[in-house]
Amino acid sequence: MTRAARAAETLRRLRAAYPEVRCELDHGGPFQLLVATILSAQCTDARVNMVTPALFAQYPDAHRMADARQEDVEAIIRPTGFFRAKAKNIRAAAAALVERHGGEVPRDMDSLTRLPGVGRKTANVLLGNAYGIEAGVVVDTHVARLSRRLGLTRHADPEKIETDLMKLVPRPSWSLWSHLLIWHGRRRCPARKPDCPHCELADICPSAGKQRGS
């Protein structure tokens, strides 16, 4: 099976396995999704979703967040880890949005990646999920791990993995692909002890049964 055929079959099977797939970060619009995505760095979506209701109740938009005090934001987001740096980035990104974009989250990669704390992965999350713009493939730890296990890339660098996936996955499905691999990675194919015997992809996965951690 070629890589392109394996990617197509993976997409078909995982769509059938997870028809309810979605972004698992709770949010109420582009700005809140931006904040939640920054908070999700080295933190689970579930933990982020535990702190964002209180955060967004006080700071629902960029204008309010830009005026927030550092220590007040830190106190709310502390459970997400690296809370000082995250609070600094969130406040700085909000201030930049107010100053450069009238408080609105822009719809292009260049403008987004110029915001403090926003890299290509975060920008892809925003564009794909808030605006339906397929600018790239979100490559988090799950997407990277499963893409290597499936033999779709040999790279470890997220941007090189993204380049490989963009050649294999149809552009209209880029955001969906990331969601599907993230859901599969959490539910069936974790880093340790992947459930190969029950995996929907076992017969087309080169790593099935090898229990690899990469």
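Can you name every residue in segment 86-107 that is under 20 Å from the mean Cα position of the chain (by Cα) and touching a residue at least 24 places away in the same chain (Cβ under 8 Å)?
First, the residues of segment 86-107 that are under 20 Å from the mean Cα position of the chain (by Cα): 86-87, 89-90, 93-94, 105-107.
Of everything in segment 86-107, those that are under 20 Å from the mean Cα position of the chain (by Cα) and touching a residue at least 24 places away in the same chain (Cβ under 8 Å) turn out to be Lys86, Asn89, Ile90, Ala93, Ala94, Val105, Arg107.
For the structure I just gave you, tell me whether Glu134 is of a type in the set (Asp, Glu), out of contact with any Phe, Trp or Tyr (no Cβ under 7 Å at 6 or more places or on another chain) and within 23 Å of Ala17 (Cα to Cα).
No, not satisfied.
Yes/no per residue for (1) at pLDDT 95 or above; (2) under 27 Å from Trp174 (Cβ atoms); (3) assigned to a loop (DSSP other than H, G, I, E, B); (4) open to solvent by 10 Å² or more (accessible area, probe 1.4 Å):
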site	(1), (2), (3), (4)
Ile76	yes, no, no, yes
Arg84	yes, no, no, yes
Ala95	yes, no, no, yes
Glu99	yes, no, no, yes
Ser111	yes, yes, no, yes
Leu127	yes, yes, no, no
Glu134	yes, yes, yes, yes
His142	yes, yes, no, yes
Gly151	yes, yes, yes, yes
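Are any residues in segment 195-210 touching a helix residue (DSSP H, G or I) at 6+ places or on another chain (Cβ under 6 Å) and without any contact (Cβ under 8 Å) to a residue 12 or more places away in the chain, and if so, which ones?
The one that is touching a helix residue (DSSP H, G or I) at 6+ places or on another chain (Cβ under 6 Å) and without any contact (Cβ under 8 Å) to a residue 12 or more places away in the chain: Ala202.
Check every one of the helices (runs of 4 or more DSSP H) wholly within segment 1-59 and list those with 3 or more residues that are under 30 Å from Ala85 (Cβ atoms).
Those helices (runs of 4 or more DSSP H) span 30-39, 45-58.
Mind listing whichever residues of segment 180-205 are assigned to a helix (DSSP H, G or I), hydrophobic (A, V, I, L, M, F, W, C) and either open to solvent by 30 Å² or more (accessible area, probe 1.4 Å) or more than 16 Å from His142 (Cα to Cα) (or both)?
Ala202, Ile204
The values are calculated or read from the model by the stated rules, or taken from the named source; none is laboratory data. From a predicted model like this one, the values you see are computed outputs, not experimental measurements. FYI the Cβ positions are ideal-geometry reconstructions off the backbone, even for glycines, and counts take in every protein chain you see. Only protein heavy atoms, including side chains, enter the accessible area calculation; ligands, DNA and RNA are left aside. Shrake-Rupley method; radii C 1.70, N 1.55, O 1.52, S 1.80 Å.
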